Each structure stands twice: as structure tokens, then as C-alpha cells.
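The values are calculated or read from the model by the stated rules, or taken from the named source; none is laboratory data. Just so you know, these numbers come straight off a predicted model, no measurement behind them. Methodologically, a virtual Cβ is constructed for each residue, glycine included, from the backbone with ideal geometry; neighbour enumeration extends over all protein chains shown.
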Amino acid sequence: MFPKWFDKWNRENPTDIYGPAIFAGAIAGAVLVAAGLVALGQPYPTDSMQTGPRGTGMHVPEFKSDLATPDPDIAEVYPDPPYVPAGDEPLARDLYQNVQVLGDLTEDNFNRLMNAMTLWVAPDEGCAYCHGDVDLEEYGKDDLYTKVVARRMIEMTQNINENWDGHVNANKQVGVTCFTCHRGQNVPSDIWFRIAPVETAAAAGWAAIQNRATLRSQYTSLPVDALEHFLVDYNRIGVHDLESRAEGNPSDPGVPTIQDTERTYALMNYVANSLGVNCTFCHNTRAFYDIEQVTPQWSTEQLGISMVQELNNDYLIPLESEYPQERLGPIHADAPKAACKTCHKGYQQPLQGLNVIADWPELATSGTPVYQTDE
């Protein structure tokens, strides 16, 4: 059919016609799949949660596939109902030495809670993590910093459950236990230390005045001291003045500055990432500044910020002198501190709203626990 010279040339100069054909076919297939998704709808339907007044579009869309994926730590939470006291049992304070908290518990419930705490905080080390490798008769000693810290953490947990109900149980009873933060680790993930200043002098150019991107600023070039500025120092969370050419000197107290605005953005980025939400979860984006147009979650978050401020200043920072050097911050040797992500771990509610306090009334109050009976 073809001249001999043509057939000879093809034999001597073979050409790969399959590679380009396969590549073109793959591109065409991808285009076909994309067109099908657009035409038929994405395969995982979304579910919306209304977060503001109807008709304003203030809702948070979520993929049902994501909603169906549980926090993997939920599998580690196990039921352990308390022993309802009969009323005549000896109490822990009468049986053991140096029981400064939880002394109102019966022996069974005291030991039940101690066992749970080892699983929540030190599953590998066990009781020795706080008490040391000593005989049971010596457990009353406060030789290890871990025991001193654990005692204060119990008091902190009781305070959260007792006095911050508006934040922790905003929608239903959830509560917190040691596991809420620790998740089987000696030191909870997502604690934080002071790292400012991290800027270094530069001869010239933008690097001399701009912030470095760090984990603390959510890898943005926003200030790195937002958490200490707001969650420790009680500074006002806000942006620059909404009026043009407003009177006031940035050096005067109470006058919002550009730096305050940037710190606010850094904190808001942190909060959003900690809860796995976006701005509209709390705010109406047409009026971020107007508290009359915010969602109910805004108030819950305000309580959360106030709670974290108290936890840091009243419980965590005062323990600085108890910690060994390796437990302190790498730059300023400061005590570990908490913030939203320490509990939430990227979810709107810690452990996706699982009621973790139901079996632990001993951690729900600083007083005598109230046990529910089936009657």
C-alpha cells in the first residue's frame, strides 16, 4: 500500500505512538470525571449548621463524610461507673496520708479515680509517675513534682467543671477530665510557651520590621505574642479604630494600634484552627465589630477565653517553680500554658462533645461529689 522506501524508513525509525496516546487518554479521563462531578454533584453531600439569624447566610457547611469520622481518641474513653456510697464507708482522708484533695471519697472511688488518672496521664509509668518506685506506705510523700502538679491539676479540673459550665456545657453536659487534654500523654499536646521576640535584626529591607512566620502565629507573619498578650496579660482583644483620623496617640493606654489589630488576627487564626471552624462560626462577616450581630457561639468563645486566662494565671503559671528545667519553655524558661487547642484538638467540641464527666462526679465539684442512683 505504501512505497517500499516509506516502509523501510518506518522500520529504521520506529516511533512510540502509545505513550502520547496514553497521556492524552488520561487527561481526557480526568476531564470527563471532573465534568461528571460538576454535573452530578460532589459525592459527599454537605450538611449546614445555622449559626446566626435566618436569611443572613450565616451557616457553617460541613461534609457529611467528615462529620462521620470520629476523633480517634474517643475510642480510648471507657465507661467506669462510680460506686454509690452506702454512707458508712471510711473516707480516703482517714485511710491514706496527705490526701489534700479528694479526701471526701470512699476508698473504692478514690482508688478508681487514681487508676483512671494513671491511664489518662501516665499509662506506661503507672502509679510510679507521681509516687515514685516506693512501697505503698510511702505514697503520701510529696517528693516528686509530678504529684504536686497533679494535685493542682485535679483542683483545676474541678474548677472548670464547677465554675465554667457556660463554656464547657454550653449545649449539653460534656465536662472535662484529665483525658480531655492529656490523651494518654504525660504532657498534653498543644501547650505553649513564650517565644517572643523571635525577630532578628536585618541590615535593611522588610525583614527588619516584619514578623517571622511561626507555629504560634499559625505560620503567618502576624505577631508571635498574641497568646501571651491576650490569654495571660488580659489585654483587650480588638482592632484599630473604626473611625478615620480618630484622635489619640498609639502610646496612650486604651488606644488600639495596628499591632493590636495584628495580634487580634493572630489570635482569631489560632481559635479558628483550634476548633476547626471559620470566621462565620462566631461572627457576621459584614460587621465583625458589632456584637449585636454575632452568633451564640461568640458568647461561648468569650467565656472560653476568660476561662483560659484564669487557668493560666491561677493554676498553670504559679507552678513554674515546681517544674524541672526540661519541662520549662526553651527560650524564657516559663511554665507550660494552655489555650483553646489544648482541649479542642481541632474539633468544635473536645472529643466531639462526648460526655466524659458522667462517670466522674469526683471531678465535677470541689466539694462532696453527688452520685446518681438508678432509683
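Things worth noting here:
- Condition check for Asn159: free of Cβ contacts under 8 Å to residues at least 24 places away in the same chain and under 28 Å from the mean Cα position of the chain (by Cα): no
- Inspection of segment 196-212 identifies at least one residue that is modelled with pLDDT under 75, among the polar types (S, T, N, Q) and either part of a helix (DSSP H, G or I) or under 27 Å from the mean Cα position of the chain (by Cα) (or both).
- Conditions (1) at pLDDT 95 or above; (2) in contact with a strand residue (DSSP E or B) (Cβ under 7 Å, 6 or more places away or on another chain); (3) aromatic (Phe, Trp, Tyr); number of the one not met by Tyr315: (2)
- The number of residues in segment 99-130 that are over 27 Å from Tyr371 (Cβ atoms) and either over 27 Å from the mean Cα position of the chain (by Cα) or of a type in the set (A, V, I, L, M, F, W, C) (or both) comes to 1.
- Residues (buried (at least 16 other Cβ atoms within 10 Å of the Cβ) and among the β-branched types (Val, Ile, Thr)) located in segment 126-147: Thr146
- Matching entry among Ile237, Ile305, Ile331 (being assigned to a loop (DSSP other than H, G, I, E, B), touching a residue at least 24 places away in the same chain (Cβ under 8 Å), aliphatic (A, V, I, L, M) and under 28 Å from Val168 (Cα atoms)): Ile237
- On inspection, Val277 qualifies as surrounded by 18 or more Cβ atoms within 10 Å (Cβ to Cβ) and not assigned by TED's automatic domain parsing to the domain that holds Thr146.
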